[in-house]
Structure formats: C-alpha cells, structure tokens
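The values are calculated or read from the model by the stated rules, or taken from the named source; none is laboratory data. All of these numbers come straight from a predicted model, not from anything done at the bench. All Cβ positions, even for glycine, are placed from backbone atoms using ideal geometry, and neighbour counts span all protein chains on display. For the accessible areas, the whole protein counts, side chains as well, though only heavy atoms, and no ligand, DNA or RNA atoms are used. Shrake-Rupley method; radii C 1.70, N 1.55, O 1.52, S 1.80 Å.
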Amino acid sequence: MRSSNPVFSRRGFSRDAGYAGFNAQQPQAGGPAVGTNPYATGNPYAQDATNPYATNPYAPQDTRLGAPQQARGNVMTIDDVVSRTAMTLGTVVLTAVLSWLLLPVDPANLNKSYGIAVGAGLVALVLSLVQSFKRKPTPALILGYAAFEGVFLGVLSAVVSTYIADGVVIQAVLGTMAVFAGVLIAYKMGWIRVTRRFYGFVIAAAIGFMLLMVTNLLFAVFAGGDGLGFRSGGLGIVFGIIGIILGACFLALDFKQVEDGITYGAPREEAWLAAFGLTMTLVWIYLEMLRLLSILQGDD
C-alpha cells in the first residue's frame, strides 16, 4: 500500500519492501500473487527467498490499528510507531514553542521573522527529501526535519496570531487533533475503507490541488496580490476545507500503511518512517486549518 507521503512512496513501505505501486508479480505456484501490489494477498516480503521475513513468523494475530501487540523478534509493532511518532511530534511542538517565545515578531523585525520561517521551512524540506531518497530511515534526519519544521511553524504561528487572527493558533491545534481523532476512530470502526479506488482518488485530487496552489503562487509572485484568489475570501474558504479533507484522507492512507507494516512483519526501523509520514500529514492539516480559520476570523 503506497502512502500519500513521499517518504512512504520512496522507501520503507515502498517498492523495495513490496508495499507501493500496483505492478504485481505473476502468481506463484500454489499461492496467490505477491509483489508490489499494495492489495495483493499474502506477505509482500515473501517474494524474496533470502528475506528473513519470507515466512512471516512475526505477524500478530490481531493487526487492527491500536490493538494490543505482542512483539516477537525485530519487527514493527504499534507501540514502536506510537513511541517514534511521539518523539517526532514532540520535537516539532517543543521547537515551535521555543521559536514562538524566543524569536522576534514585532513590527520592526517582521521581515526578519518571515526570513527565519522561510529559511527553517526550506531546511526542513531539504531534510525531508534527503530522508525520502535514503534506503533506510535515519532518526537524526527525521528529528532534524521535525526541529526545523517546528521553527517554521512556531514563527509562522506567532506572526498569524499577533497580526492576523488572535487566538487562531489554539483553534487550529484543537482542530488538527479533532481531525486526527475522528479519522482514527472512523478507520478503526471500518467506516473508512482504504481500497485501490480510494487511493487513486486521493492521489488524483492531491495532484490537482497542488497544481492549483502552485499556479496561484506563481500568479501572486509575478502579478502581485493573492494571485488567482484561491487562498483568500470565499475561494480561500473552499480550498481550505478541501485541503483539510485531503489531509484526513492522507491520514487514512497512513493508518493503512502502518497496519500493513504490522501485519506483514516489517522491520522495527520502519516505525521511524511511519512517524515521519504521520508528522508530515499532521503538519499539512495544521497549516490548512490555520489558513482556513484565519480567513474565517478575518471575515467576522
């Protein structure tokens, strides 16, 4: 199962590990097709006879997301994913709070604040791309990404709260937590089913959304103002809601990714990639929530 996050689509639960893409191998004699098809039955690790996970002796009996797991061997469990995600998100929150408190956002230094935010965001982007193209997860890179992402979010949130919409940051944080909890409950209850059609729809919608946002940004840079108006007024509200819905869909894909990794006995180190991907998705949702609430509060 390929995730919405580039880190998942490149490595971890990816082509090399037998999770991403839809080009399944031919069926093996006496067994179902097993390959890179995320919806193929059987253990995706079984395609390699030299793989220690080929017989998958570690798969727990109950692989539902959030179900108690009994770790055996060097395989990923839900506890591993939770602990790594807590570390990664904790780093984001800690650096965001420190950036809010320590970096200047007064009018005389507003351009400096924007410069710090943009610089930290670019560094976080570079670190995320480096990790995405590595064959194995590197905790230092992932935590470094989280730290710089936190600086970006902290400065940006301080500017928005101080000069655009007072109190909107707390609302955005609570909104992000509500989306996460809602999607998790819906996924565990079976109300959201991640199928091939669901995956294709989400990816197609995300590509279209990003193309529109890039086009709007280019118009804003070269023509001034807010470009085509996709990020302000009525259109801004509509696209903000669409962005949050897409983020929620990404969460469902990520939950499916984690569940598949546990089911098929993915190596324990892959929990770092799960944490990385979940953090990226939550950052997406928070930024869309922050923008939407800022527009709504500005219209009051």
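Whenever a residue of the range 152-173 is within 19 Å of T281 (Cα to Cα), its partners that are assigned to a helix (DSSP H, G or I) and open to solvent by 50 Å² or more (accessible area, probe 1.4 Å), lying with C-beta atoms within less than 6 angstrom and at least six residues away or across chains, give the pairs G154/W100. If the condition is being closer than 20 Å to S83 by Cβ and either in contact with a His (Cβ under 6 Å, 6 or more places away or on another chain) or open to solvent by 20 Å² or more (accessible area, probe 1.4 Å) (or both), then the range 268-291 contributes R268, E269, W272, M280, L282.
Just wondering, is there one or more residues in the range 226-239 that are within 18 Å of L290 (Cβ to Cβ), assigned to a helix (DSSP H, G or I), in contact with a Leu (Cβ under 9 Å, 6 or more places away or on another chain) and open to solvent by 60 Å² or more (accessible area, probe 1.4 Å)? Yes, the range 226-239 contains at least one residue that is within 18 Å of L290 (Cβ to Cβ), assigned to a helix (DSSP H, G or I), in contact with a Leu (Cβ under 9 Å, 6 or more places away or on another chain) and open to solvent by 60 Å² or more (accessible area, probe 1.4 Å).
Somewhere in the range 236-248, is a residue modelled with pLDDT of 90 or more, touching a Ser or Thr at 6+ places or on another chain (Cβ under 7 Å) and over 19 Å from I164 (Cα atoms)? Yes; the residues of the range 236-248 include at least one that is modelled with pLDDT of 90 or more, touching a Ser or Thr at 6+ places or on another chain (Cβ under 7 Å) and over 19 Å from I164 (Cα atoms). Among residues of the range 95-114 that are open to solvent by 100 Å² or more (accessible area, probe 1.4 Å), those with a beta-carbon under 7 Å from a residue that is of a type outside the set (D, E) at least six positions away or on a different chain give the pairs K112/P104. The residues in the range 115-146 that are open to solvent by less than 30 Å² (accessible area, probe 1.4 Å), aliphatic (A, V, I, L, M) and under 16 Å from the mean Cα position of the chain (by Cα) can be counted, and the count is 3. Can you find a residue that is polar (S, T, N, Q), surrounded by 22 or more Cβ atoms within 10 Å (Cβ to Cβ), closer than 20 Å to R84 by Cα and at pLDDT 95 or above anywhere in the range 254-262? No: the range 254-262 contains no residue that is polar (S, T, N, Q), surrounded by 22 or more Cβ atoms within 10 Å (Cβ to Cβ), closer than 20 Å to R84 by Cα and at pLDDT 95 or above.
Cβ-Cβ contacts under 7 Å between residues 6 or more apart (or on different chains), taken from a first residue in the range 191-211 that is in contact (Cβ under 8 Å) with a residue 12 or more places away in the chain and over 21 Å from V258 (Cβ atoms) to a second residue that is of a type in the set (G, A, S) and assigned to a helix (DSSP H, G or I), are listed as F209/G243. Any residue in the range 157-168 that is part of a helix (DSSP H, G or I), touching a Leu at 6+ places or on another chain (Cβ under 6 Å) and farther than 30 Å from L102 by Cβ? The answer is no; no qualifying residue exists.
Look at A172 and say whether it is touching a helix residue (DSSP H, G or I) at 6+ places or on another chain (Cβ under 6 Å), surrounded by 14 or more Cβ atoms within 10 Å (Cβ to Cβ) and farther than 19 Å from D254 by Cβ. Considered against the rule, which asks whether it is touching a helix residue (DSSP H, G or I) at 6+ places or on another chain (Cβ under 6 Å), surrounded by 14 or more Cβ atoms within 10 Å (Cβ to Cβ) and farther than 19 Å from D254 by Cβ, A172 comes out as yes.
Which residue, of M210, M189, is within 17 Å of I285 (Cα to Cα), open to solvent by 50 Å² or more (accessible area, probe 1.4 Å) and either among the hydrophobic types (A, V, I, L, M, F, W, C) or at pLDDT 85 or above (or both)? The conditions single out M210.
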